[in-house]
Amino acid sequence: MSGYEKPSRGWGFCAPSPVLLLSLLTAAPLGLLGEETRQVSLKVISNVPDFSQNLLHIRAVGTNSTLHYVWSSLGPPAVLLVATNTPNSTLSVNWSLLLSSDPDGGLMVLPEESIQFSSALVFTRLFEFDSTNMSDAASRPPGRSYPPYSLANFSWNNITDSLDPATLSATFRGHPVHDPTGAFANGSLAFRVQAFSTSGRPAQPPRLLHSADTCQLEVALVGASPRGNRSLFGLEVATLGQGPGCPSMQEQHSIDDEYAPAVFQLDQLLWGSLPSGFMQWRPVAFSQKQGSRDSAMPCQSSPLHPTLAYLLPQSPIVRAFFKTQDHSCAFNLTFGAPTGPGYWDQHYLSWSMLLGVGSPPVDALSPLVLGIMAVALGAPALTLLAGGLFLLLGRKRDSEYQSIN
């Protein structure tokens, strides 16, 4: 499970193909299908009296549906996504069952017959590689591997302290329980979660287009001491398949990079046929808090591959909700390359993704690109028009000429 597989081709920093224009123009409106607005609430569900054990429940209510996002730091960080066909569905938590060796029924969304879709993501391990003597950014693994950090063995903050109802956000911040080298003495790994009540775009890159049917996660590694001079970091992500196979991975290419300069690609993980759930991200991370083109690093993903659930760190909320996990799949994300910007610049790394239900948001062409296209397509048309008028007027003058003979 710790091995990296051959990466998918074309992770982003390349020029797009012009033939994609027509498909982008016709497909753009489809990304906005679903609820335009939702009533969103964030609630921390704590285990009394141990308030360090808590869940973050995001409830997004639409006209005829409800989305439930349950974020947890019990075991490895995980999120449960459940979509129902009623605005009245609720979350039920039984802490005694949830924390037991057999958590079946410890977490439920009621009524169960209203559930239209459900899946989960579990962030299991943080990898570190020394890329000092590596020259090929696409090599697997991307350098000498250090022992990975198991995120199930991290200690996390009380989520209540970071809850911000104004921005509909909260942050899980953690560090290893056992840190013999002191790598995290002044550092932390943070998972910042943000919900949205309507469509929009964040101010910070990569500026993923979100809708009311999505939730955003930003993962940030800050201040941790690397174990190598030019360390690259990676993240292992596990999920549940909707059958015997794994969810599908897709790449979408664009001719527009206004919102993420030099990044013409959007990666997606899709659970089954639409309407279903999706995970969406741009293949880019940043080595500075104020993300910019100068601090952009490539983000490479390995193909999804099936794995046995018992080989992965277990999440109590996933076990409680799904009971059996026969179809687990996993993939790895690697941030950075041996050359260029890296974590070593400022001991900072951030990466963002969207999680949601329905059709994934699709970027429409920006006004700048539309203007360039108008000029590029309009100039030849104006030249042809001018040429036609010139020929027409020239013939008219010839027809008015009278011979002196």
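The values are calculated or read from the model by the stated rules, or taken from the named source; none is laboratory data. For clarity, every value in this text was computed on a predicted model and none was experimentally measured. Ideal geometry is used to build each Cβ from the backbone, glycine not excepted, and the neighbour counts take in all protein chains shown. Note: areas computed on protein heavy atoms with side chains; ligands, DNA, RNA excluded. Shrake-Rupley method; radii C 1.70, N 1.55, O 1.52, S 1.80 Å.
Sum up the charges of everything whose Cβ sits under 12 Å from the Cβ of PRO148, counting Lys and Arg as +1 and Asp and Glu as -1, but leave PRO148 out.
0
Applying the Karplus parametrisation 6.51 cos²θ - 1.76 cosθ + 1.60 with θ = phi - 60° to the phi angles of segment 277-291, what ³J(HN,Hα) value in whole Hz is obtained for each residue in order, glycine and proline being reported as x?
Values, residue by residue: x, 8, 10, 9, 7, 8, x, 8, 10, 9, 9, 9, 4, 7, x Hz.
With Cβ to Cβ distances under 9 Å as the rule, what net charge do the other residues near GLY358 carry (K, R +1; D, E -1)? Mind showing how you got there, number by number?
On the way: positive: none; negative: GLU35, ASP213.
Overall, the nearby charge balance is -2.
Per the 1.4 Å probe, what fraction of the accessible area of segment 42-116, in percent, lies on carbon and sulfur atoms?
Working: 1470 of 2970 Å².
Carbon plus sulfur share of accessible area: 49 percent.
Can you list the HN-Hα couplings for segment 46-56, worked out from phi with the Karplus curve (6.51, -1.76, 1.60; θ = phi - 60°), rounded to whole Hz and with x for Gly and Pro?
9, 8, 6, x, 8, 6, 6, 9, 8, 10, 10
Stretched out fully, how many nm does the piece from LEU311 to SER96 gain, at 0.36 nm a residue minus the Cα gap?
That works out to 74.9 nm of additional length.
Explain nothing, just the number: relative contact order of segment 73-215, from Cα pairs under 8 Å at least 6 residues apart, as a whole percent.
17
Could you give me the percent of Cα pairs per 5 Å distance bin for segment 211-350, shortest bin first, beginning at zero and ending with the bin that holds the maximum distance?
P(r) for segment 211-350, in whole percents per bin: 2, 8, 16, 18, 18, 16, 12, 8, 2, 0.
Local charge sum around GLY187 (other residues, Cβ-Cβ under 13 Å, Lys/Arg +1, Asp/Glu -1)?
Once all neighbours under 13 Å are counted, the net charge is 0.
Given points 7 Å out from each Cα along the Cα-Cβ axis, report the GLN39 to SER197 separation in nanometres with one decimal.
1.1
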